[in-house]
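Below is one structure, written out as structure tokens; the observations come after it.
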Amino acid sequence: MKKCNILNAKSYDAIIIGFGKGGKTLAGFLGKIGKKVALIEKDKNMYGGTCINVGCIPTKILVEESQKIEKNFKKAIERKNTLISNLREANYNKLDSFENIDIYTGIGSFETEHLISVTNGEDETILKGEQIFINTGAKTIIPKIEGLEKTRNIYTSTSIMELDKLPSKLAIIGGGYIGLEFASIFNNFGSQVTVFEGGDNILLREESEIREEIKKDFQNRGIEILTKSNIVKVDNFSQNKVEVLFNKNNKNETLIFDGILIAVGRKPNIDDLKLENAGVNYSDRGILVNESLQTNVSHIYALGDVKGGFQFTYISLDNFRIVKNSILGDKTPTINSRNLVPYSVFLSPTLSRVGMSEEEALNAGYKVKTKVIKATSIPRAKILEEERGILKAVIDKDTGKILGCSLYSVESSEVINIVTMAIKENKKYSYLRDFMFTHPTMSEFLNDLFDF
């Protein structure tokens, strides 16, 4: 490999490694205020980041397509590919239109604390940055399972969305949020799905009522969830099928599938960065940062999934806001001020949550009151012909403060934001109980849920 002379390194006010939500938004902001910016992305198919290419957007397209009356897996994949391609191109063109933003495609690695090498095949370019921002995201954890490397039809959450033929029988290793979301999607399309979970149960941080309702729904839909089931070995089988050997209750059993999805989690994507060359501290959980997202090297920041913690695109966007204010001198917004993070898991119907569960609130010393209602009581759910689900609210008995809310119902991904705003504004439960919502909507069930 021919190496560029460091003396000829191209200088920038800012170098951003990774084209994800935080990185691309930061690049646009810095470009607008006249900074000279280099944005590095190692994969031309990842312009725009995980969310639009292999995460939120493509999976939610498949969720929606899988819930239609007329389902066509191949056409759903084609629609997904077309939309993602258009979004990817739009993301690239938006930043490429800035004269002071240069986009480099290649692997970005630290040479020193101010120098970054960008390699693309045999080509290498050296860049020098006054400030450097790392936004390289996360990647799938591949567990150590005998036979995994040589067995056909092994998929990650990325590669399984490139299939053009629906697997008749699909094994999913991992009963977490990613695994269960894909279990729901492929079951909706018509696959026979089996989920293997090594732990005692699924979704352990969720409310017990919510968890049991989800398990019951999955069972009614024909999704098999095998808890306390550890994968011993996988292997090729006849006619393009795969064999899974697992241990349950100290007994080995074998099942045959068309494919296996690995969904045991994701880890920070730091392998190519050579952080040690810059003296940046990190651990297995990600790059270590302070409350303003600075690393131990003051001009180097990390934002998004690469720093560990919640792996949501809106966290990465909020990281941009923190970094923006930090580099402009206002260090008021920090990680520590972001104490409330809602989330949604699109399980058909959707699971959404914000704040503490009942158990967490009790462990924190609160005296609590709770209320649970069924989605069958909601007129909008009847109109949408999706009456599955259960909803739970947790409040402080002494003050009326809203401590948490879990919603397993259609359109809960929208409603949870209303609850989140109420908590952030320090509203008591009566605020939602007495609020006048339009009818018929899913949000109006908050009147009943918070009627303590």
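Quick look at the values:
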| quantity | calculated |
| --- | --- |
| Scope the stretch 369-379; condition surrounded by fewer than 19 Cβ atoms within 10 Å (Cβ to Cβ) and modelled with pLDDT of 95 or more; matching residues | LYS369, THR370, LYS371, VAL372, ILE373, LYS374, THR376, PRO379 |
| THR438 more than 17 Å from GLY355 (Cβ to Cβ), assigned to a helix (DSSP H, G or I), open to solvent by 60 Å² or more (accessible area, probe 1.4 Å) and of a type in the set (S, T, N, Q) | no |
| Residue match in the stretch 23-41 (condition: more than 14 Å from ILE134 (Cα to Cα) and of a type in the set (Asp, Glu)) | no |
| Answer residue from the stretch 67-88, given it is in contact with a Phe, Trp or Tyr (Cβ under 8 Å, 6 or more places away or on another chain) and part of a helix (DSSP H, G or I) and is least open to solvent (accessible area, probe 1.4 Å) among those | ALA76 |
| Residue satisfying all of: in the stretch 42-66; within 25 Å of ASP123 (Cβ to Cβ) and of a type in the set (Lys, Arg); most open to solvent (accessible area, probe 1.4 Å) among these | LYS44 |
| Sole exception among (1) open to solvent by less than 30 Å² (accessible area, probe 1.4 Å); (2) of a type outside the set (Lys, Arg); (3) more than 20 Å from the chain's Cα centre (by Cα) for PHE186, by number | (3) |
| Residue selected from the stretch 131-175 under the condition touching a residue at least 12 places away in the same chain (Cβ under 8 Å) and among the small types (Gly, Ala, Ser), by the criterion surrounded by the fewest Cβ atoms within 10 Å (Cβ to Cβ) | SER168 |
| Flag for ILE107 being in contact with a strand residue (DSSP E or B) (Cβ under 7 Å, 6 or more places away or on another chain) and either on the phi > 0 side of the Ramachandran plot or open to solvent by less than 40 Å² (accessible area, probe 1.4 Å) (or both) | no |
| Cβ-Cβ under 7 Å pairs, at least 6 apart or on other chains, the stretch 14-32 side in contact (Cβ under 8 Å) with a residue 24 or more places away in the chain and closer than 17 Å to PRO268 by Cβ, far side assigned to a helix (DSSP H, G or I) and not hydrophobic (A, V, I, L, M, F, W, C) | ILE16/GLY23; GLY20/THR50; GLY20/SER316; LYS21/THR313; LYS21/SER316; GLY22/SER316; GLY22/ASN319 |
| Test set (1) open to solvent by 70 Å² or more (accessible area, probe 1.4 Å); (2) assigned to a loop (DSSP other than H, G, I, E, B); (3) touching a residue at least 12 places away in the same chain (Cβ under 8 Å); (4) of a type outside the set (Lys, Arg) - LEU203 fails condition number | (1) |
| Residues satisfying the stated conditions in the stretch 239-294, i.e. in a loop (DSSP other than H, G, I, E, B), in contact (Cβ under 8 Å) with a residue 60 or more places away in the chain and either of a type in the set (S, T, N, Q) or surrounded by 18 or more Cβ atoms within 10 Å (Cβ to Cβ) (or both) | ASN240, ASP258, ALA263, VAL264, ASN269, ILE270, LEU273, ALA278, VAL280 |
| Failed item in (1) in contact (Cβ under 8 Å) with a residue 40 or more places away in the chain; (2) in a helix (DSSP H, G or I); (3) over 24 Å from the mean Cα position of the chain (by Cα), with LEU362 passing the rest | (1) |
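Rundown of residues vs (1) of a type in the set (Phe, Trp, Tyr); (2) surrounded by 19 or more Cβ atoms within 10 Å (Cβ to Cβ); (3) modelled with pLDDT of 95 or more, yes/no style:
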| position | (1), (2), (3) |
| --- | --- |
| GLY309 | no, no, no |
| PHE312 | yes, yes, no |
| ILE327 | no, yes, no |
| THR350 | no, yes, yes |
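The values are calculated or read from the model by the stated rules, or taken from the named source; none is laboratory data. Being a predicted model, the structure only gives us computed values, none of them experimental. Every residue, glycine as well, gets a Cβ built from its backbone with ideal geometry; the counts of neighbours run over all protein chains shown. Note: areas computed on protein heavy atoms with side chains; ligands, DNA, RNA excluded. Shrake-Rupley method; radii C 1.70, N 1.55, O 1.52, S 1.80 Å.
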